[in-house]
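The values are calculated or read from the model by the stated rules, or taken from the named source; none is laboratory data. Predicted, not measured: the structure shown is a model, and the values here were computed from it. Here the Cβ positions follow ideal geometry from the backbone for every residue, glycine too, while neighbour counts run over all protein chains shown. What goes into the accessible areas is simple: the full protein's heavy atoms, side chains included, and nothing from ligands, DNA or RNA. Shrake-Rupley method; radii C 1.70, N 1.55, O 1.52, S 1.80 Å.
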2 protein chains.
Amino acid sequence: MTGEFELLARWRQRFPAIGDDAAVIGPLLLACDAVVGGVDFTAATPPADVGWKAVVANVSDIAAMGGTPRWLLAAVAAPAGTDLDGLVDGVAGAAAEYGCEVVGGDLSSVDGPLVVAVTVVGEAPDGAVLRSGARPGDVIYVTGPLGAAAASGWRRRPVARVAEGQAARRAGATAMIDVSDGLAADLAHLADASGVGFALDRVPVAEGASAEQALHGGEDFELLYTGPPGLAGIVVGRCVADPGQRTLAGSPLPPGGWQHRW
Amino acid sequence: MTGEFELLARWRQRFPAIGDDAAVIGPLLLACDAVVGGVDFTAATPPADVGWKAVVANVSDIAAMGGTPRWLLAAVAAPAGTDLDGLVDGVAGAAAEYGCEVVGGDLSSVDGPLVVAVTVVGEAPDGAVLRSGARPGDVIYVTGPLGAAAASGWRRRPVARVAEGQAARRAGATAMIDVSDGLAADLAHLADASGVGFALDRVPVAEGASAEQALHGGEDFELLYTGPPGLAGIVVGRCVADPGQRTLAGSPLPPGGWQHRW
């Protein structure tokens with residue numbers, strides 16, 4: 001059995017342009033994420049919520065670069081009986097919420113669970129914040145408490161932190177990622193890309209969530225970023241020079257986090 | 001039961017930016033198409049061929065605008081046991097063949113058939129050829145004989161007509177579309193968008209294919225375009241002023257063609 005992170009690591013060597021939440025093409029950002037029935041949601045999830053979340057997951061990737069979401073395409077593989085109009089309502093609602101224009105899409109039938117693959121194009125004319133810019137001594141921030149998604153099982157209308165990401169970029173954030181796999185896993189991604197270690201002092205836990213859910217639960221869509229002292233956000237720790245040092249309150253922190261397996 | 005074309009027509013009213021093979025955003029083109037196991041290919045199809053075709057379907061959409069494919073993202077929902085490296089080989093091979101850089105992607109597990117959703121970003125700095133520009137009197141062309149895909153059931157490595165699309169644009173093509181749903185259906189799409197009718201004189205049939213397959217078989221990825229006399233390509237007919245006139249050798253031609261149903 002092969003884990004998602006191992007496969008992605010291999011493919012990133014093959015496709016060196018892959019590596020951040022979104023691809024940077026001049027002033028444009030490109031993000032592409034799919035949500036899958038039975039994995040990301042259940043048969044009982046309203047299609048409008050599925051469409052909404054598929055958009056938010058991608059808008060959050062644009063937010064994690066400090067960009068502005070602008071255009072959206074959605075490819076849908078839908079089993080018989082799917083409430084397609086409800087699904088489109090969810091996509092359109094979230095697109096409008098985040099100022100995205102729906103410019104394209106594709107619709108297929110499938111004898112299997114619903115799959116919604118969304119691509120969002122964003123703009124970052126003054127430059128994007130990558131995962132790879134963190135330096136020893138940088139302070140580590142998050143935009144909010146974590147674990148709410150894991151605690152609730154499914155958040156109907158998650159929020160992407162677009163304004164917060166833009167503000168972090170303007171204020172001099174050195175690296176940024178969204179918390180989609182879990183704080184421990186996503187901070188490990190950022191540290192790997194930047195070649196630094198980290199010392200976490202604390203993890204802000206969302207109401208109703210456990211410390212474990214705050215550390216390893218995914219899909220919170222809060223932003224995690226590094227930079228000089230004094231930025232907006234909740235301080236959770238600092239970057240250190242030794243890439244092998246990865247600690248929470250002095251104890252080693254394994255990356256953990258959700259990954260698909262084959 | 002609702003047909004794909006009816007749903008798409010409804011959504012195009014809601015999202016007016018949708019309508020061509022690819023979305024036009026300034027000098028950029030965006031195309032998004034998915035291929036689905038059990039619909040577009042079978043469990044016996046090598047994953048490398050699936051990846052190749054998913055890329056070609058999107059590159060063909062860029063070709064149909066007269067553009068140049070440049071960047072590619074792929075979202076994959078793969079069941080246990082999928083040869084993911086083979087799939088990636090196919091995606092990478094076709095991307096390299098057409099000069100696309102793979103800049104992003106997403107990988108999910110699924111308890112269902114393989115779904116590969118590809119987004120290709122292209123460039124058309126001198127303008128794109130839309131579906132909507134055909135005028136009465138324009139000659140109708142195709143880039144090659146049709147029906148080969150339908151006759152063979154599955155073409156392992158279909159070809160996207162990028163150079164031909166660019167040449168048609170430079171030579172003054174007024175409207176263009178790729179033959180993905182079948183000549184009759186795709187010419188109907190072009191005529192609908194342009195507000196014209198058409199009189200087809202003949203349909204060039206690929207070796208081993210029937211006239212029916214040439215007319216209604218999809219996935220040939222040849223280009224269908226209109227323009228002044230004397231362009232490169234095979235002349236198949238001309239546009240007429242009456243949008244209700246849609247004939248082949250003088251007889252009415254129903255659109256037909258493949259569409260998904262729910």
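Across region A:118-131, what is the total count of residues that are away from chain B (no Cβ under 14 Å), touching a strand residue (DSSP E or B) at 6+ places or on another chain (Cβ under 7 Å) and either without any contact (Cβ under 8 Å) to a residue 24 or more places away in the chain or among the small types (Gly, Ala, Ser) (or both)?
Residues of region A:118-131 away from chain B (no Cβ under 14 Å): A:124, A:126-127, A:129.
Cutting the leftovers down to touching a strand residue (DSSP E or B) at 6+ places or on another chain (Cβ under 7 Å) gives us A:124, A:129.
Imposing the further condition that a residue be either without any contact (Cβ under 8 Å) to a residue 24 or more places away in the chain or among the small types (Gly, Ala, Ser) (or both) reduces the set to A:124.
Within region A:118-131, residues that are away from chain B (no Cβ under 14 Å), touching a strand residue (DSSP E or B) at 6+ places or on another chain (Cβ under 7 Å) and either without any contact (Cβ under 8 Å) to a residue 24 or more places away in the chain or among the small types (Gly, Ala, Ser) (or both) number 1.
Every residue in region A:47-64 that is in a loop (DSSP other than H, G, I, E, B) and within 26 Å of B:Leu114 (Cβ to Cβ), please.
From region A:47-64, those in a loop (DSSP other than H, G, I, E, B) are A:64; that's our starting set.
Selection gives nothing.
Of all residue pairs spaced 6 or more apart or on separate chains, those with beta-carbon atoms under 6 Å, a first member in region B:5-33 that is free of Cβ contacts under 8 Å to residues at least 40 places away in the same chain and part of a loop (DSSP other than H, G, I, E, B) and a second member that is open to solvent by 20 Å² or more (accessible area, probe 1.4 Å) and not acidic (Asp, Glu) are B:Ile18/B:Arg12.
Checking B:Arg157, B:Arg202 one by one, the residue that is more than 18 Å from the chain's Cα centre (by Cα) and either surrounded by 16 or more Cβ atoms within 10 Å (Cβ to Cβ) or not in a strand (DSSP E or B) (or both) is B:Arg202 and no other. Looking only at region A:180-197, decide whether some residue is open to solvent by 10 Å² or more (accessible area, probe 1.4 Å), assigned to a helix (DSSP H, G or I) and not small (Gly, Ala, Ser). The answer is yes, given that some residue of region A:180-197 is open to solvent by 10 Å² or more (accessible area, probe 1.4 Å), assigned to a helix (DSSP H, G or I) and not small (Gly, Ala, Ser). Residues in region B:188-210 that are in contact (Cβ under 8 Å) with a residue 60 or more places away in the chain and of a type in the set (A, V, I, L, M): 7 in all. For region A:206-251, taking the residues that are within 21 Å of A:Val162 (Cα to Cα) and β-branched (Val, Ile, Thr), the one that is surrounded by the most Cβ atoms within 10 Å (Cβ to Cβ) is identified as A:Thr226.
For region B:1-48, the candidate set comprises residues that are at the interface with chain A (Cβ under 9 Å from one of its Cβ atoms) and open to solvent by 60 Å² or more (accessible area, probe 1.4 Å); within that set, the residue that is nearest to the chain's Cα centre (by Cα) is B:Val24.
Restricting A:Ala168, A:Ala134, A:Ala94, A:Ala173 to residues that are open to solvent by 10 Å² or more (accessible area, probe 1.4 Å) and in contact (Cβ under 8 Å) with a residue 40 or more places away in the chain narrows the list to A:Ala173. When residues in region B:97-117 are screened for being more than 7 Å from chain A (Cβ to nearest Cβ) and open to solvent by 30 Å² or more (accessible area, probe 1.4 Å), 3 of them pass. Look at region A:141-152: where a residue is assigned to a loop (DSSP other than H, G, I, E, B) and a partner is of a type in the set (Gly, Ala, Ser), sitting 6+ places away or on another chain with Cβ atoms under 6 Å, you get A:Thr143/A:Gly233; A:Pro145/A:Ala206; A:Gly147/A:Ala206; A:Gly147/A:Ala209; A:Gly147/A:Ala214; A:Gly147/A:Gly217.
List the strands (runs of 3 or more DSSP E) inside region A:219-262, counting only whole elements, that have at least 1 residues being charged (D, E, K, R). If you could, list the steps in order and put the result at the bottom.
Working: elements: A:223-227, A:234-240, A:246-248.
In region A:219-262, A:234-240, A:246-248 are the strands (runs of 3 or more DSSP E) which contain 1 or more residues that are charged (D, E, K, R).
In region B:49-61, of all residues being under 10 Å from B:Arg157 (Cα atoms) and in contact with a Pro (Cβ under 7 Å, 6 or more places away or on another chain), the one that is surrounded by the fewest Cβ atoms within 10 Å (Cβ to Cβ) corresponds to B:Val56.
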